[in-house]
1. Give the residue that is modelled with the highest pLDDT, with candidates limited to residues of segment 84-106 that are surrounded by fewer than 17 Cβ atoms within 10 Å (Cβ to Cβ), under 23 Å from G154 (Cα atoms) and not hydrophobic (A, V, I, L, M, F, W, C).
2. Quick one: is E212 in contact with a Gly (Cβ under 6 Å, 6 or more places away or on another chain), assigned to a strand (DSSP E or B), free of Cβ contacts under 8 Å to residues at least 40 places away in the same chain and not polar (S, T, N, Q)?
3. Which of the residues spanning segment 384-412 are free of Cβ contacts under 8 Å to residues at least 40 places away in the same chain and surrounded by fewer than 17 Cβ atoms within 10 Å (Cβ to Cβ)?
4. Name the single residue, out of those in segment 319-340 being among the aliphatic types (A, V, I, L, M) and outside any strand (DSSP E or B), that is nearest to K274 (Cα to Cα).
5. Select from segment 185-220 the residues that are of a type in the set (V, I, T) and surrounded by 15 or more Cβ atoms within 10 Å (Cβ to Cβ) and write down the one among them that is farthest from the chain's Cα centre (by Cα).
6. Looking at segment 114-140 only, could you name the residues that are assigned to a loop (DSSP other than H, G, I, E, B), more than 13 Å from the chain's Cα centre (by Cα) and within 19 Å of F153 (Cβ to Cβ)?
7. Tell me, yes or no, whether segment 38-55 has at least one residue that is over 30 Å from A287 (Cβ atoms), at pLDDT below 65, touching an Asp or Glu at 6+ places or on another chain (Cβ under 8 Å) and surrounded by 14 or more Cβ atoms within 10 Å (Cβ to Cβ).
8. Just the residues that are assigned to a strand (DSSP E or B) and closer than 14 Å to K247 by Cα, please, taken from segment 271-299.
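The values are calculated or read from the model by the stated rules, or taken from the named source; none is laboratory data. As the structure is a prediction and not an experimental result, all values here were calculated from the model. Neighbour counts are summed over all protein chains in view; Cβ atoms, including those assigned to glycine, are modelled from backbone coordinates with ideal geometry.
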Amino acid sequence: MKKILLILFIVAAFPLSAQYYQIQQDEGLIGGGLGVTWIDGQPHYAMRFFPEFAFNNFGIGLDLKLEYDSNGKIRTENFNTTSDYLSIIRYLRYGQKNDPVYVRLGALDYATLGHGSIMYMYNNSPGFDNRKIGMELDIDFNYFGFESVYGNFGEAGLLGLRGYIRPLKVTELQNTPIIGNLEVGASVVTDFHGNAGVLSGFINDAKNGEFEALTDAGTISIIGFDLGLPILRTRLVDFDLYYDYAKIIDYGSGSALGAIFKFKGFGVVDVWTKFERRWNGDQYIPAYFNSMYEIERFKFDRKDNAVRSKIQQLESMESVGDGFYGELLLRLVGTFNIIGSYQRLDDHPDSGILHLSADITPEGSTYLARAGYDKINIRDEKDLFKLDDRSYLFVEFGYKPMSYVIVSMVYNWTFTPERDADDMVIGYKPQKKIEPRVSFVYPLNFGG
């Protein structure tokens, strides 16, 4: 058995996810391979192809993945919806976030509106087995602008819009220090998904096992406004203060006062920090649409025939208390990138939310290490790194025997959808994937 595993490790050819590479203008990469992946303990033979290109401000990334079981049958979860076929185009984009014009169509990894009090790091595709096509569209006209997010073109889903103005830009005060760049914004985010407000329901066997809702609060909408005040702008340091207010329609409200500090070390060392104090009313959840929202939104537990949904959490929340939120990004060029954030409410024991990601790959090194971790509803320190239905994990360790070849081992704790008899998603369950990889990644340069 040990020899078999060793052989599989050596010959398995599996590409790295394109999202872990940051290609620059007029660059690209071609990656692909064949290999073996273990899904919930069962081996599957896999093929994947993921080219990515950037021309001027335009970018495109493709991601074709085929997995076959030991009998040679393709996994049905790979291609059982129209969205699965469309999602072969991982993304099309113009510009980058915070550019005057930014458009992204496809997978949304960490979409945020404004300072994130309503939508923060939203991920529309929590698992490869149910990929979705969404869109981000931002336009900044200097005096005013907007940000927008749509979660899923395949069905009704999340729609968010934030408009903002810089009122002093059209007055004689536009060059006044501090207040000249004052920004005032207003946001509205609505989830039109049919399960967004489901509080209770059952599987109706008389209708071929389809789910039926008993109690439904309907669409979930959140409105808010914000103020942003740049205090300092220099070549080395940026410092901003902001205030956010948000109201969940028919439920509670909350607000936050925060500060953002950026240190730009001439492209060598970059530090980005964010810290805010949150004041939360009853029946209010800050950053309601977060990285795990697609998992939290709705789940029907077949074991006890009960609904588990985020709207249930919202209705039961009373006296959750105020809280703190902190975030840190540290980037040392050519060595590593580390991002971490954490939230906890004063009087709510299950309120911890953690996000971590790291890429430690020194320039010119023969090894690499990458990881990403999200966890919600953290109770205490013992619960922090326990993998369950509140967690997402990606870890990869590897080395480069050749310039364009990476041999690595990957562990994924992700999610796969659960469906009723009508093929409708009624929840997600954790899925463990272990993947030995030999990745072939060839960089391209179109700049001449």
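1. Y94
2. yes
3. L384, F385, K386, V395, F397, Y399, P401, M402, S403, Y404, V405, Y411, listed by residue number.
4. Ranking the candidates gives V333 first.
5. Going through the qualifying residues, I end up with I203.
6. Result: I133, single match.
7. No, segment 38-55 contains no residue that is over 30 Å from A287 (Cβ atoms), at pLDDT below 65, touching an Asp or Glu at 6+ places or on another chain (Cβ under 8 Å) and surrounded by 14 or more Cβ atoms within 10 Å (Cβ to Cβ).
8. R278, W279, N280, F289
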